[in-house]
Amino acid sequence: DGGITQSPKYLFRKEGQNVTLSCEQNLNHDAMYWYRQDPGQGLRLIYYSQIVNDFQKGDIAEGYSVSREKKESFPLTVTSAQKNPTAFYLCASRRSGLSTDTQYFGPGTRLTVL
Amino acid sequence: GQQVMQIPQYQHVQEGEDFTTYCNSSTTLSNIQWYKQRPGGHPVFLIQLVKSGEVKKQKRLTFQFGEAKKNSSLHITATQTTDVGTYFCAGNSGTYKYIFGTGTRLKVLA
């Protein structure tokens, strides 16, 4: 919740353009996550990062890329290879890799590809 | 792969009625978390269950974790209009990944 910012809140792009979604956290959390949510659906994991300079593919990584150069930042790029990019994108962070740690979500970015 | 199913998908209740959503995992879980997402908002953490058979209460909300740690439920007593939203469970098998259920969308009719 508080401490995670995503920008912009709404984003419109033309088909075929790459777009980068920002996610910043000041919670000093090690782990960060990107999820995609489609209308009326649950959350699906795109990528996650356990520590700086390391990240792993989630369940739907195709057409997306990430970087984790700084602990507080985990930007997501939606590439033109993503066939259906219009969705609500949620970033989350967690203090560590312990399964009992809570995930905190940012406010999300709604991406619409025209 | 691991799946987490959640039922029902939708539930409409009259204000004051009770509500329950159920979550079932295809594998044994290390823990399960519950989130609430208001319309247009983002998921907000409600609670985490870790122990087999655990029951936790938050005011009108009661959360249960099954003995086999493969299912869980959220029960709301005497719903209010402020309870409107989608309730998600998220299961963890001891890794960095959480598998989210499909959610139950609750509408409360005044």
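The values are calculated or read from the model by the stated rules, or taken from the named source; none is laboratory data. Quick caveat, the model's predicted, so the values are computed rather than measured. Quick reminder, even Gly has a Cβ in these numbers, built from the backbone with ideal geometry, and neighbours come from all protein chains shown. With ligands, DNA and RNA removed, areas are computed over all heavy atoms of the protein, side chains included. Shrake-Rupley method; radii C 1.70, N 1.55, O 1.52, S 1.80 Å.
Can you work out the PRE-style zone for residue B:110? Point 7 Å along Cα to Cβ, and I want the residues of region B:2-36 with backbone N under 19 Å.
B:12-18
Ranked from the most accessible area to the least, with a 1.4 Å probe and all protein chains present, what is the order of B:65, A:55? Please list the in-between numbers first.
On the way: B:65 5, A:55 85 Å².
Result of the area sort, largest leading: A:55, B:65.
May I ask for the accessible area buried between chains B and A, both sides summed, probe 1.4 Å, to the nearest 100 Å²? Walk me through the numbers before you get to the answer.
Numbers: alone 6210 and 6480 Å², together 10680 Å².
Answer for the B-A pair: about 2000 Å² buried.
Please work out the average accessible area per residue across chain B, using the 1.4 Å probe convention, and give it in Å². Each step should come with its number before you reach the end.
On the way: 5200 Å² over 110 residues.
Heavy-atom SASA per residue in chain B reads 47 Å².
Please state the charge dipole magnitude for the protein assembly as shown, taken about the Cα centre, from unit charges on C-beta atoms (+1 on K and R, -1 on D and E), reported in debye and rounded to the nearest 20.
Working: 25 positive and 17 negative charges, 17 e Å.
The dipole of the protein assembly as shown has a size of about 80 debye.
For region A:72-114, give the percent of accessible area contributed by carbon and sulfur heavy atoms, probe 1.4 Å, rounded to a whole number. Please list the in-between numbers first.
Numbers: 870 of 1620 Å².
Roughly 54 percent of what the probe reaches on region A:72-114 is carbon or sulfur.
Can you sort B:57, B:36 by 1.4 Å-probe accessible area, starting with the largest? Write down the numbers at each step before the final one.
Details: B:57 155, B:36 30 Å².
Largest accessible area first, the list is B:57, B:36.
Return the residues of region B:42-60 for which accessible area with all protein chains present is lower than in the chain on its own by 30 Å² or more; set the probe to 1.4 Å and exclude ligands, DNA and RNA.
Relative to the lone chain, where solvent access is computed with a 1.4 Å probe, region B:42-60 loses at least 30 Å² at B:42, B:43, B:45, B:48.
Could you sort the residues of region A:91-114 by number and keep only those whose accessible area is reduced by 20 Å² or more in the all-protein-chain setting relative to the chain alone, 1.4 Å probe?
A:94, A:97, A:99, A:100, A:102, A:103, A:105, A:107, A:110
Name the residues of region B:78-101 whose accessible area, probed at 1.4 Å, falls by at least 40 Å² once all protein chains are in place instead of their chain on its own?
Buried-area filter returns B:96, B:97, B:98, B:100.
What is the calculated FRET efficiency for residue B:3 to residue A:10, with r their C-beta to C-beta distance and R₀ = 35 Å, to the nearest 0.05? Show your work: numbers first, answer last.
Details: r = 32 Å, r/R0 = 0.91.
Given R0 = 35 Å and the Cβ-Cβ separation, E is 0.65.
If you roll a 1.4 Å probe over region B:10-64 with all protein chains in place, what percent of the accessible area is carbon or sulfur? Working shown, then result.
Working: 1420 of 2860 Å².
Carbon with sulfur: 50 percent of the solvent-accessible area.
Gap in Å between the Cα centre of region A:1-75 and the Cα centre of region B:45-78?
Result: 29 Å between the Cα centres.
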